[in-house]
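Okay, structure first, notes after.
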Amino acid sequence: CGHAAATDELARRVLELAEKGGAEEGGGAEHKRQRKLCSAYAIALDCGAHRDLDASEAASVAARLCGEYAAAVVKEADVDAREHIPADGLLVSAANALFSAAGKMTSPAREGTVLLAIAVLERGCARSSHHADMRFALMSAYLALGCPTRAHAHAKPLDLKNIQMDTLSHHLLPALDTLGSRAVARSMRRAVEKLHDDHESGDAGDMYVLALRSKAFSKASEMVAFKQRLAASHQLADVRADKALEEALVACVTAGVEAAPAGAGVDGDATEQDIAVAASGLDTLRANEDMCLRPFWDPLPGACALCGAGAVEGLGGRQNDLPAREEAAWRSRVEQKRLLALVARAAAAAPASAPQALALAESHARAADIAAGGSGNQLRREAGAVTCAAANAWAAVAAGESDAIEKLSKLTTAVAVAAAGVETALREHATVYTCGALERAGWLANDGARWAAVLLRQARRTLNARDGADADASVRAALCECAEAVTAHLNDVVDKLGRDADALAAALVSEARIVGSSVLPPTWESDLVAIATKVAEDQVAAANAIADSLAESATWSRGAALSFD
């Protein structure tokens, strides 16, 4: 409490001094005054100045800063759009104040406030097209509303490349895997891999030799350290784990199909060494989020990878370094993905040996428990529990365990709980998609449902190949019952996802005006309607993509419920 009081007082004094200094300098030093005010708000933000603002106070702060910006930008008409102007930071601070207030609101006021912040930042980007702070803030805000296409539209002008692919792609890549286009996500993963492959294949060695020839020995030492740092990149490990997962999913879906796509063949003979390799190097993984390699933009890589904070909580305010619990969690998330790929490949190459199946499922469950322990979002944990239950159920069936029926029942329960949580989020307010609702549906679709469906299919395939059908009759019946229940739950979520884009846009505009009718200068009012329309269209597109993924998983699950050969 004492620390919070001290930082609040520091924030207040910084702002007072900035205002006083600006008034004394007068109009002859307008740029200097604006820079001082922007810096003061940035420092105050670090101290938590906006932490306790309510809706009306946040709207008042934002209105004042937007007014200052509107007056200042008129005088900057001749400045190139690629250059920043001193007043740009005023809009960043205005948006941060709105984000802070939004995190404490309930729906639909929360969504209206985020839309206001987006309108503020979009106006700034229209003038200063190369302002990274605004772009990153817009990416986070659009993703909070479930708009991957709009977020990607702001990522493209940033032109992330080279080392930035390692240090900054976490702002978008996890969300694209959940909400957006899989093709775009694959493209980003390839770019991350290319950075590391190019560095390993020649850049690192060439630069090291050049430094030695030039007798720049300190530079050579730095290059060795940089190479070691890149080798321990969490982003690279996560990207490679995702790639292995995608390949394993294809192997599971096409197992037993005569015309399987190229590269779908698998060697499912996972050994104890493979399981050990999946856990190797985790303690040295680093997210490269410190000031040595990039400027600071929220949220931190660990929070993105685990969705540990709420959809709006944390926007507009710097987070502390990751606590040890969360750091261990995102490292275990990489291990979990690696092990899930081994589980899927073993299932696709059935029949798996009993010890192999059980060892894989046990190791996957351990990693999943650690990853879930660091995630602050209950619904993310529920989606992960579906995957874990699916792996356990497949292993029990494949190994002929006596508790196979119990494990199938636990999978049914896990899917029911996760689906109910998503439906609750979707029903939170009838007129808007609440912040995080679409992301939660995406977690179920892409983290849980598809693995439940394909592993049920592989469990059915295992039973079909097994002699002594009579002995497995009760397990077969339980598997059919589980698959039918999973199919029904997924279809229920699909039915809840649909919304009308025009109605969504109208509701968002209405809420934004209720929350902050005075925030936007009169000439900016038309921006709000246009932005709300784009947000609603993007939300509907994301909802449709998630519904398609769930429907596909339901089809796979239904196949597992068909009569056995």
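The values are calculated or read from the model by the stated rules, or taken from the named source; none is laboratory data. As the structure is a computational prediction, the values presented were derived from the model and not from experiment. Here the Cβ positions follow ideal geometry from the backbone for every residue, glycine too, while neighbour counts run over all protein chains shown.
Data table
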quantity	calculated
Matching residues, the range 140-154, being touching a residue at least 60 places away in the same chain (Cβ under 8 Å) and not polar (S, T, N, Q)	Ala141, Tyr142, Leu143, Ala144, Leu145, Gly146, Cys147, Pro148, Arg150
Lone qualifier among Ala144, Ala132 - being surrounded by fewer than 24 Cβ atoms within 10 Å (Cβ to Cβ) and within 20 Å of the chain's Cα centre (by Cα)	Ala132
Pairs with Cβ under 7 Å, 6+ apart, first in the range 529-555 and modelled with pLDDT under 95, second buried (at least 23 other Cβ atoms within 10 Å of the Cβ) and of a type in the set (Val, Ile, Thr)	none
Hits in the range 188-241 - residues which are more than 18 Å from Ile163 (Cβ to Cβ) and hydroxyl-bearing (Ser, Thr, Tyr)	Ser214, Ser218, Ser221
Any chance Ser518 is touching a helix residue (DSSP H, G or I) at 6+ places or on another chain (Cβ under 7 Å), part of a loop (DSSP other than H, G, I, E, B) and either at negative phi or not hydrophobic (A, V, I, L, M, F, W, C) (or both)	yes
Conditions (1) out of contact with any helix residue (DSSP H, G or I) (no Cβ under 6 Å at 6 or more places or on another chain); (2) of a type in the set (Asp, Glu); (3) farther than 30 Å from Ser409 by Cβ: number failed by Glu481	(3)
The range 509-528 residues that are in contact (Cβ under 8 Å) with a residue 60 or more places away in the chain, paired with ones that are in a loop (DSSP other than H, G, I, E, B) (beta carbon under 7 Å, 6 or more apart)	Glu511/Pro108; Leu528/Leu520
Unique match (being within 20 Å of Ser518 (Cα to Cα) and either in a helix (DSSP H, G or I) or hydrophobic (A, V, I, L, M, F, W, C) (or both)) among Arg64, Arg33	Arg64
The range 327-350 residues that are in contact (Cβ under 8 Å) with a residue 12 or more places away in the chain and within 16 Å of Thr254 (Cα to Cα), paired with ones that are part of a helix (DSSP H, G or I) and among the β-branched types (Val, Ile, Thr) (beta carbon under 6 Å, 6 or more apart)	Ala350/Thr462
Residue check, Glu484 modelled with pLDDT of 90 or more, within 27 Å of Pro174 (Cβ to Cβ) and either of a type outside the set (A, V, I, L, M, F, W, C) or surrounded by 17 or more Cβ atoms within 10 Å (Cβ to Cβ) (or both)	no
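Yes/no matrix, rows are residues, columns are (1) farther than 19 Å from Asn544 by Cβ; (2) crowded, with 24+ Cβ neighbours inside 10 Å; (3) among the β-branched types (Val, Ile, Thr); (4) out of contact with any helix residue (DSSP H, G or I) (no Cβ under 8 Å at 6 or more places or on another chain):
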| site | (1), (2), (3), (4) |
| --- | --- |
| Glu401 | yes, no, no, no |
| Ala414 | yes, yes, no, no |
| Leu426 | no, no, no, no |
| Arg440 | no, yes, no, no |
